[in-house]
Amino acid sequence: MVSFVVRRIGWSLVVLLVASGVMFVLVRATTDPLSSVRAASATGGDSDAVASGRLVAAEQRRLGLDRPLVAQYGHWLGAFVRGDWGQSIVSHRSVGREIRAKLWNTVQLIVWGIAFSLAMSVIVGVASASRQYSALDHGLSGLSFVALSMPSFWFALMSIELAVFVPKRALHLDHPLLYSVGLHSATGGGAFDYLRHLVLPVLTLSLPLVASWSRYLRSSMLDVLSAPYIRTARAKGVRRSRVLRHHALQNALIPFTTVSAIGIGGLFGGLIITETIFSWPGMGQLLYNALLTGDTNVLLPWLVVAASFVLACNLVADVMHVVLDPRVRL
Amino acid sequence: MTVAPVDASLRPQLGRATGSLPARPSFGRRYARHRLGVIGAAALVILGLGALLAPLIAPFPPNPTLTAKVLAQARQSPSWCHLFGTDELGRDVFTRVLYGGRMSLTIGLCVALASTALGTAVGAVAGWFGGVVDQLLMRITDLLMIIPGLAVLMIAQKGLGGSMTVIIAVLSLLSWHIIARVVRAEFRRMKALEFVEAARASGARAWRIMAFELLPNTVGVLAVNAALAVGGAILGESALSFLGFGLTPPAASWGSMLSQSKGAVGTRLAYLVYFPGLAILLTVLAVNFVGNALRDAFDPAS
């Protein structure tokens, strides 16, 4: 077991290394770290063309951009591993510190989102599997179809309209029931205020997860429920609810852990959208703002952190699968 | 040496009756049994016609010169004259939804075609040859799984510009791996079957077996996955456009229309947000229904 985990971690590091190389090339190919220097020197007019050319070249040499790409990557990687993630072009603060400051807010969103999605998909999945082909089952699968076909940003906009503005207008409230901006009110307000900020972003983030996970859990429950040992348990007089919870759900959850861990890994795309709409000061908003302001130094560390998160989720999925399912032999 | 045609009876028969078993209904019949699939297909035909014939159907020009007369029409709620209302500049939203459909549907279809073609090629090679080639190609798909797609799309659009070609190319490059995995699994499964052995025994070359024996047998999975890829691409493009990293204006897809009108939420103009979003929802829902119906119709077990 230990050697399996160690081997898996080692392999993940190799994948991360290759991924960082690919992302390095991508960022280099699509962004120009000297654009601000070029723009500044271009305003000088024709007479300064030689001088500005010299300035760009000097800056290129200072940043090591005249060296081969592989050498640049090696240099970047060495600094990155040592914890030197570069400096933001816009705020002139260390990128590592910027990311750490935002990461906590994003982690809050992710943790609440996953907790809510897991709870909801277990409830929905078990409810539809235990009454297969009932009106409830059809209704829930229809809803999940709609949720999977809906752009999550549109859901967010509509939820702001229908859950924030409409009740506020209809009930003539001073403050809306749910907030759509940030994590806390400026005046503070404790746990309840935090909760009112949390509801809509968490819903937006969870919607596609609940829809796909509950479908998956439903089919995995149905697989288990048709197994002979379920019939045996019922035949020897175990109550239906206990069979569902104890015999069926526990086994149906094993393949579900893999699927859900991979789904969590895909969460970063949803985070960019959710945080941008709800002005949530997290990683997603950091990337969005960095791209708008041309803060190219943020991009690469951001991508590496996001990729590490996905890899960590896949790692957890693999290990959980081995731990939970004794049939998997290493 | 000439390649002898493989005896037709050696091929696995799709939807053909054998022996005393009752005749299997035709593909069309099996599809038609899927009510939601039929509704989805009908909805897609209507949406497609609306986009295709937009210049004929649309009651107003999509990007009129902003004369005083046009501006006077601004901010009108939906009415019989302006079915979906007008935006801040007096442009008719119904017209713009029709024209936006051209962008969204074109991108969806092109990305589905491109990523299916690329994914099929890679999956076929990996599945047929196995070994080192397979390992290498599958590790590339692993990489695509961990690189955050939306972020890469945003960075690429920022660097390469918001032309239709760039968006289609990057979306396809980020989504082919799903189909590659499916095709690879199919090819690996079928490689060991008798009809492949027969083709090989009769002297067919590898590419010939792949193209004429194996590929026709993956049509089912390909169709299903291509349909689902259309939906995925439309959603991806709309998210990208919504964040402001889509097509360069005034070209407008449904996503960029929503991006422009997100400030309307909570105001009198909230209707600007309803219709482009509903158009995306309906299209993707219809595509997913079609995909599901195709899966059931192709699946010999159903």
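The values are calculated or read from the model by the stated rules, or taken from the named source; none is laboratory data. Quick caveat, the model's predicted, so the values are computed rather than measured. Using ideal geometry, Cβ is built from the backbone for each residue, glycine included, and neighbour counts are taken over all protein chains shown. Surface areas here come from the heavy atoms of the whole protein model, side chains and all, with no ligands, DNA or RNA. Shrake-Rupley method; radii C 1.70, N 1.55, O 1.52, S 1.80 Å.
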Highest average packing first - B:23-33, A:263-273, Cβ atoms within 10 Å: A:263-273, B:23-33
Cα Rg, Dmax, the stretch A:96-293, angstrom units: 19.8, 68
Debye equation applied to the C-alpha atoms of the stretch B:91-149, log10 I(q)/I(0) at 0.14, 0.30, 0.31 Å⁻¹: -0.58, -1.09, -1.11
Residue-count net charge about residue A:219 - beta-carbon cut-off 15 Å; Lys, Arg +1, Asp, Glu -1: 0
Residue A:321/residue A:51 FRET efficiency (R0 60 Å; Cβ-Cβ; nearest 0.05): 0.45
Residues residue A:173 and residue B:117, FRET efficiency given R0 of 51 Å [Cβ-Cβ distance, rounded to 0.05]: 0.40
Computed helical MRE - 222 nm, chain A, DSSP H runs ≥ 4 contributing -39500 (n - 2.57), nearest 500: -24000 deg cm²/dmol
Local electrostatic count, residue B:184, Cβ distance below 14 Å [Lys/Arg +1, Asp/Glu -1]: +2
Gaussian network model of chain A, springs between alpha carbon atoms under 10 Å - residue of A:164, A:126, A:81 with greatest fluctuation: A:81
Within a Gaussian network of chain B (alpha carbon springs, distance under 10 Å), most fluctuating of B:199, B:54, B:112: B:199
Estimated distance in nm for a label pair at residue B:202 and residue B:27, the labels positioned 7 Å out from Cα along Cα-to-Cβ: 2.1
Cα gyration tensor shape of the protein assembly as shown, rounded if a/c is under 1.5, else prolate or oblate by comparing a/b with b/c: rounded
For chain B, built as a Gaussian network whose Cα springs stay under 10 Å, the top-fluctuating residue of B:283, B:65, B:86: B:65
Residue list for the stretch A:198-219, given a label point 7 angstrom along the Cα-to-Cβ vector of residue B:36 and an amide N cut-off under 17 Å: A:208-219
Buried accessible area, chains A and B (both chains, 1.4 Å probe, Å² to nearest 100): 3400
Within-15-Å neighbourhood charge of residue B:293 [Cβ basis; K, R +1; D, E -1]: +3
Chain A, relative contact order in percent, only Cα pairs under 8 angstrom and at least six apart counted: 24
Integer Hz, Karplus 6.51/-1.76/1.60 couplings in order for the stretch B:84-93, x for Gly and Pro: 9, x, 10, 8, 4, 9, x, 7, 6, 5
Occluded residues from the stretch A:153-174, i.e. those whose accessible area drops by 30 Å² or more once the chain is not alone (1.4 Å probe): A:153, A:154, A:157, A:158, A:161, A:165
Reach of residue B:158 by Cα under 20 Å, taken over aspartates and glutamates that are not fewer than 8 positions away in the same chain: A:32, A:275, A:295, B:237
For the stretch B:145-152, 3J(HN,Hα) per residue [Karplus equation, 6.51 cos²θ - 1.76 cosθ + 1.60, θ = phi - 60°, Hz, x = Gly/Pro]: 5, 9, 7, x, x, 4, 5, 4
For the stretch B:149-167, residues shielded by at least 10 square angstrom of accessible area compared with the chain on its own, probe 1.4 Å: B:150, B:151, B:152, B:154, B:155, B:156, B:158, B:159, B:160
Prolate/oblate/rounded call for the stretch A:56-96, Cα gyration tensor, a/c under 1.5 rounded: oblate
Chymotrypsin sites (Phe, Trp or Tyr not before Pro) within the stretch B:36-100: DSSP coil, no more than 12 neighbouring Cβ in 10 Å: B:80
For chain B, calculated [θ]222 nm from helices alone, where every DSSP H run of n ≥ 4 adds -39500 (n - 2.57): -20500 deg cm²/dmol
Listing of the stretch A:266-301 residues, each with accessible area lower by at least 40 Å² in the full protein assembly than in the chain alone (probe 1.4 Å): A:272, A:273, A:288, A:291
Degrees separating the helix B:219-242 axis from the principal Cα axis of chain B, which is the longest one: 30
Distance between modelled label sites at residue B:212 and residue A:181, nm, 7 Å Cα→Cβ extension: 6.8
Computed label-point distance, nm, for sites residue A:70 and residue B:299 using a 7 Å Cα→Cβ extension: 5.0
Cut-off under 5 Å, modelled amide H: who pairs with residue A:87 long-range: A:95
Spherically averaged projected area of chain A from its Cα convex hull (nm²): 24.1
For the stretch A:297-307, Karplus couplings with θ = phi - 60° (6.51, -1.76, 1.60), whole Hz, Gly/Pro x: 5, 6, 4, 5, x, 4, 4, 5, 4, 5, 5
Accessible solvent surface per residue of the stretch A:96-293, calculated while the other protein chains remain in place, 1.4 angstrom probe, Å²: 46
Prolate/oblate/rounded label for chain B (Cα gyration tensor, a/c 1.5): prolate
Proximal aspartates and glutamates relative to residue B:69, as straight alpha-carbon distance under 12 Å, when same-chain residues fewer than 8 apart are discounted: none
